[in-house]
1. With each label point set 7 Å from Cα along the Cα-Cβ vector, what nm distance links residue 238 and residue 27?
2. Which of 143, 76 has the fewest other C-beta atoms within 10 Å, and how do the rest follow up to the most?
3. Given the options 185, 293, 59, state which has the largest fluctuation in a GNM of the chain using a 10 Å cut-off (strictly under) for Cα springs.
4. Taking the Cα centre of the chain as origin, sum charge times position over the Cβ atoms of Lys and Arg (+1) and Asp and Glu (-1), and report the length of that vector in debye to the nearest 20.
5. With a cut-off of 8 Å between alpha carbons and a minimum separation of six or more residues, what is the relative contact order of the chain in percent?
6. Out of all Cα-Cα pairs in the chain, roughly what percent, to the nearest whole number, are more than 39 Å apart?
7. Could you tell me the distance between the Cα centroids of region 26-52 and region 211-246, to the nearest Å?
8. Could you list 181, 30 so that the one with the fewest beta carbons within 10 Å of its beta carbon is first and the one with the most is last?
Amino acid sequence: MESKTRRKLLQSLTVLPFLTTGAGAQSPEIETFRRNAVEGWRKRINAFRERYILPIIDTEATYNSAINLDSMRESMDRLGVAQICFAPFAGLGSHASYNLYERYPEHFIPTTADGSSPHWYHNTEQFAETTRQDLASGKYFLMGEFEIRHYPSHQQVLAGRLDRDITIPLVDPGLLAIFAIAEKTGIALQLHYEIEDALLPGFETLLARFPLAKVIWCHLGQVRYAERNTRYGSDYVAGLIKRFPNLHFDLGLAGPTHQHPGSRQRDQMIYAETRIPPWGGYLRNNWRDLLETYPERFLAASDIDASRWQNFTSQIERLRMLILDRLTPQCRQLVAYQNAWRLITGEPYDVWRNAGKL
């Protein structure tokens, strides 16, 4: 028997307005808000371009009140980061991200609460309903990262937080509702899903079930247990891209030498390790070729949160030097900000076709 929460959620989806820019019936106030927000972000992006600095839109970051916003804004200005999509820790609620936008409208993009805590994985249906309500307000442009399969992070392993080994069944009503919301609204959805042979078929089935959902699979090539994966690689990702036109990937990753303490292995496969300073490695040619072949499917990201926000500078500098600097000018701009612009604002990336060769 369906729960009352699930029945209410599924019924409400039939009347949820389509919220992407320029589509669906919205109040004049919300239309004005969204239009002004987009123009403010455009202004800041153009300010970097006029100084021949490649702008970056950081699509994946988690906000917590422990993060020093003055320090973050100074770093953004210095590093050429135009905007951050700060998804709040779920305990703060989505409105915390909207409040950041109100304080610093050119720096931050309102993003719904992050699904990386018990608020999500212990009560998925209620979390989905809350997310639906948040999006119905018209104030948000992206859905924060939802964990489906998540190993304990580096810090959590060191702290003995094995409770962070999370699995949400792919038929979970709350998870299916989140995908349905993504389809109905056109708002892009960020997901964390570990890479293992046994996990991939079910995820492909989920993507096929919701072909209109814009999905961002976070952490391209992050493999924490190599022995559990024989399928995933650049060719596999290329195959997914061909099959699923709304599937994207972000580049929020640790560096070439980083090891996950749970597996004691390097936890990504896109870099070759050299241990030569400053970053100890380089982007493998097959992954570079993947980005160049499908440049519209990849997004810049820092993956910072309250425990590692002070690594923001190194995350962005490594992204620029190891990935963006190795790409052709057109691909570089798509990955740095134009793909994010298309997903977040609803405008086609070719509005930036005269962006120049940054």
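1. Roughly 5.0 nm, to one decimal.
2. Ascending Cβ contact count within 10 Å gives the list 76, 143.
3. 293
4. Dipole about the Cα centre, nearest 20: 500 debye.
5. 17
6. The proportion of pairs with Cα distances above 39 Å equals 9 percent.
7. If you average the Cα positions of each part, the centres end up 32 Å apart.
8. Ordered by Cβ neighbours within 10 Å, fewest first: 30, 181.
Here, each number is a calculation from the coordinates, and none is a lab measurement. Note that the structure is a prediction, hence the values are computed from the model and not measured. Heads up, the Cβs are rebuilt from the backbone with ideal geometry, glycines too, and the neighbour counts pull from every protein chain shown.
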